[in-house]
Amino acid sequence: MFGFKTEEEKAKLADYDRLLAENKDLLAHDKAMEENRNEWMDYAKAIEAKLEAVETELIIRRKNDEFRQKLGVMK
């Protein structure tokens, strides 16, 4: 009552403090993992955009080559 705690209350409080500290560590770890995941997702999206640009460029080059071949046959 008046600030005096039994051994059982002290043990419960110690468990509570331990669990609270573990939870804080887990929350910090989860946040770090989420930030890392977001960084990887951004990186993957950037690579995907570059890949799409390269794919578009290759399609254009292929069509230009086909057109040049048709012009060569026509001459």
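Within segment 31-41, the set of residues being of a type in the set (Asp, Glu) and open to solvent by 100 Å² or more (accessible area, probe 1.4 Å) comprises 34, 39. Out of curiosity, is residue 26 open to solvent by less than 90 Å² (accessible area, probe 1.4 Å) and either charged (D, E, K, R) or modelled with pLDDT under 95 (or both)? Considered against the rule, which asks whether it is open to solvent by less than 90 Å² (accessible area, probe 1.4 Å) and either charged (D, E, K, R) or modelled with pLDDT under 95 (or both), residue 26 comes out as no. Of the residues making up segment 47-75, those that are at pLDDT 95 or above and among the aromatic types (Phe, Trp, Tyr) number 0.
The values are calculated or read from the model by the stated rules, or taken from the named source; none is laboratory data. Keep in mind that this is a model prediction, so the values were computed, not measured. Surface accessibility is based on the protein's heavy atoms, side chains included, excluding ligands, DNA and RNA. Shrake-Rupley method; radii C 1.70, N 1.55, O 1.52, S 1.80 Å.
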